[in-house]
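For reference, the structure discussed in these notes is given below.
The values are calculated or read from the model by the stated rules, or taken from the named source; none is laboratory data. Every value quoted in this text rests on a predicted model; they were computed, and no experiment measured them. Note: ideal-geometry Cβ built from the backbone for every residue, glycine included; neighbour counts use all protein chains shown. Surface areas here come from the heavy atoms of the whole protein model, side chains and all, with no ligands, DNA or RNA. Shrake-Rupley method; radii C 1.70, N 1.55, O 1.52, S 1.80 Å.
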Amino acid sequence: MEEVSPNPPPTRPPHLLDPRTVAVLAAAAVFVGFLASGVLVQSLNAAFGIWFTQIFVFLGLGWFVLRATGREPVRYTGLTFPGLAPVAFGFALGVANFFAIIAPIQYVSQSLLPQSWREIYDVADIFRGQSPVEMAFIVASVTIAAPVCEEFFFRGVFFQGLRAHGGPAMRALLFSAVVFSAFHLDPVGFLARVELGMLFGWLLVRTGSLWPAILAHTANNLVSTVLFFVARHFESPEQPATQEDPRGLLILVALGCAALYALMAAARRFPSLMGPPRPPEVLEAPENPVPLESAPRLLRLAFPWLLAATLSLGAYRALDPIGIQLSQIDLRYPLQSVPEDAPDALQAEREALFELRVRARRGEIPLGEYAQERARQSKQKRTDDR
């Protein structure tokens, strides 16, 4: 009879990683995925592409990174529900912060920075030529998908990883806010989004939950979206939005500052609005090195996300062939933006083109008619430039 050794063979220790290094590598991977999805998916359809990017890049890659390093995503990111009071406080703070801080920062940035910088990131571009259903999907992505998925990654994964060495969170808070703003590729809105990133991160640190930050993000995007549509509805060709009387803005800023002060005073008076204060030993506790799962385990973790992304792309291609053809026409004949001080006839011609796209989307006119007019305007603009 063989003699059984009483001591089992030693198991290989797991490979340990610095959480801060993991956070930086995750941000790099998400940035690559963000650019790739923008080129390959959002070029097919803006409404579908924005949802795809939010779910499979920011949420999916962030979830995978946490599971791949042995961490529980809901607990680690602070997705536990803190109660109605902190969530409502976060939403109200997002509204007040928009009028008190974001609006004046944006006004000054748009006034000082050159017109060419404003054309790099024009939010109006994603709404032009879209059908009502696509418009609804875009608005929902901006006010629901973006707050949830971006907060999950930038605050729940990236910021939490940066502060893994312990100590005061201010440096990690600022750096994560800068990276968050840089991801949007918007030079005009850079400072405003840095402030937003600081606010959202502070809410996470103060409450211990991601939900107040998500609701503050939702409030900011919702207010800005509503104001965009209102301004577009009442915009006058004789008075572009960038030349509006600043007195109205000053009134809104004053009201926002008053609301912001009232909210912070209420939080001091009623601590339950933000939950009980968290002790410094909890806030500044370092995180231990995290283990990396084995290669087979990593494949199993990635497979559901890859399968869902592939199926969603296939389903979109099967369900919306007209939308894909329109996007291909748009890519074939790129348009230069029309300056705000351009002649009214040129602006009306561009608006008529977008209306033509909507009609082609509905099947009211042949796609070739839209392609012909877009090609004409694309060629005409280049000729004018020469």
Given the conditions (1) open to solvent by 60 Å² or more (accessible area, probe 1.4 Å); (2) at pLDDT below 90; (3) within 27 Å of A124 (Cα to Cα); (4) not acidic (D, E), every one holds for L252 apart from (2)
Residue pairs qualifying under the 7 Å Cβ cut-off, at least six apart or on distinct chains, with the first in the stretch 55-81 being more than 24 Å from P212 (Cβ to Cβ) and the second being of a type in the set (D, E), are A68/E293; G70/E293
Expected output for the stretch 164-185 (first residue more than 15 Å from F154 (Cβ to Cβ), partner of a type in the set (A, V, I, L, M), Cβ below 7 Å, 6+ apart or cross-chain) is G166/A285
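Pick out the one residue from S337, S312, S327 that is under 25 Å from P114 (Cβ atoms), surrounded by 12 or more Cβ atoms within 10 Å (Cβ to Cβ) and of a type in the set (S, T, Y). Working first, answer last.
Values: S312 fails: under 25 Å from P114 (Cβ atoms); S327 fails: under 25 Å from P114 (Cβ atoms).
Going through S337, S312, S327 in turn, just one is under 25 Å from P114 (Cβ atoms), surrounded by 12 or more Cβ atoms within 10 Å (Cβ to Cβ) and of a type in the set (S, T, Y): S337.
State whether the residues of the stretch 363-385 include one that is polar (S, T, N, Q), within 30 Å of M170 (Cα to Cα) and more than 27 Å from the chain's Cα centre (by Cα).
no
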Within the stretch 150-172, restricting to residues that are part of a helix (DSSP H, G or I) and surrounded by fewer than 22 Cβ atoms within 10 Å (Cβ to Cβ), the one that is modelled with the lowest pLDDT is H165
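Among the residues of the stretch 84-139, write down those that are of a type in the set (G, A, S) and either touching a Pro at 6+ places or on another chain (Cβ under 6 Å) or closer than 25 Å to R206 by Cα (or both). Show your work before the answer.
Within the stretch 84-139, the first condition is being of a type in the set (G, A, S), and the residues that meet it are 85, 88, 90, 92, 94, 96, 100, 103, 109, 111, 116, 124, 129, 131, 136.
Residues satisfying the conditions are A85, A88, G90, A92, G94, A96, A100, A103.
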Checking I101, I55, I50 in turn, the sole residue that is part of a helix (DSSP H, G or I) and farther than 19 Å from L222 by Cβ turns out to be I55
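Here are some residues: A146, A140, A164, A124. Which one is over 30 Å from Y76 (Cα atoms) and of a type in the set (G, A, S)?
Working: A146 fails: over 30 Å from Y76 (Cα atoms); A140 fails: over 30 Å from Y76 (Cα atoms); A164 fails: over 30 Å from Y76 (Cα atoms).
Checking each option against the conditions leaves just A124.
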Can you find even one residue in the stretch 182-195 that is closer than 30 Å to R374 by Cα and over 14 Å from the mean Cα position of the chain (by Cα)?
yes
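Only residues that are assigned to a helix (DSSP H, G or I), open to solvent by 20 Å² or more (accessible area, probe 1.4 Å) and of a type in the set (A, V, I, L, M, F, W, C): list them for the stretch 173-193, please. Before you say what the answer is, go through the steps one by one.
So in the stretch 173-193, the residues assigned to a helix (DSSP H, G or I) come out as 173-183, 190-193.
Still in the list and also open to solvent by 20 Å² or more (accessible area, probe 1.4 Å): 174-175, 178-179, 182, 190-191, 193.
Correct list: L174, F175, V178, V179, A182, F190, L191.
Is it the case, given these coordinates, that V22 is open to solvent by less than 60 Å² (accessible area, probe 1.4 Å), under 22 Å from P291 (Cα atoms), modelled with pLDDT of 95 or more and in contact with a Ser or Thr (Cβ under 8 Å, 6 or more places away or on another chain)? Write out each step before concluding.
Values: open to solvent by less than 60 Å² (accessible area, probe 1.4 Å): yes; under 22 Å from P291 (Cα atoms): yes; modelled with pLDDT of 95 or more: yes; in contact with a Ser or Thr (Cβ under 8 Å, 6 or more places away or on another chain): yes.
Here the answer is yes, as V22 does meet what is asked.
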Over the stretch 48-88, the set of residues touching a strand residue (DSSP E or B) at 6+ places or on another chain (Cβ under 9 Å) and open to solvent by 50 Å² or more (accessible area, probe 1.4 Å) is G70
When (1) within 14 Å of the chain's Cα centre (by Cα); (2) within 16 Å of G156 (Cα to Cα) are applied to S37, the one that fails is (2)
E351: passes all of (1) open to solvent by 80 Å² or more (accessible area, probe 1.4 Å); (2) more than 30 Å from A36 (Cα to Cα) but (2)
Scanning the stretch 34-64 for residues that are touching a Leu at 6+ places or on another chain (Cβ under 8 Å) and modelled with pLDDT of 95 or more, the one farthest from I324 (Cα to Cα) turns out to be F64
Residue hits (the stretch 356-378; in a helix (DSSP H, G or I), surrounded by fewer than 13 Cβ atoms within 10 Å (Cβ to Cβ) and either polar (S, T, N, Q) or in contact (Cβ under 8 Å) with a residue 24 or more places away in the chain (or both)) are R362
Reported set for the stretch 202-218 where residues are over 15 Å from the mean Cα position of the chain (by Cα) and assigned to a helix (DSSP H, G or I) is W202, L203, L204, V205, R206, T207, W211, P212
Exception for I144 within (1) at pLDDT 95 or above; (2) of a type in the set (A, V, I, L, M, F, W, C); (3) out of contact with any Gly (no Cβ under 7 Å at 6 or more places or on another chain); (4) open to solvent by less than 50 Å² (accessible area, probe 1.4 Å) falls at (4)
Of the residues in the stretch 317-355, those that are aromatic (F, W, Y) and touching a residue at least 60 places away in the same chain (Cβ under 8 Å) come to F354
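Would you call E293 surrounded by 11 or more Cβ atoms within 10 Å (Cβ to Cβ), farther than 21 Å from A46 by Cα, modelled with pLDDT under 90 and touching a Ser or Thr at 6+ places or on another chain (Cβ under 9 Å)? Can you show your working first?
Details: surrounded by 11 or more Cβ atoms within 10 Å (Cβ to Cβ): yes; farther than 21 Å from A46 by Cα: yes; modelled with pLDDT under 90: no; touching a Ser or Thr at 6+ places or on another chain (Cβ under 9 Å): yes.
No, not satisfied.
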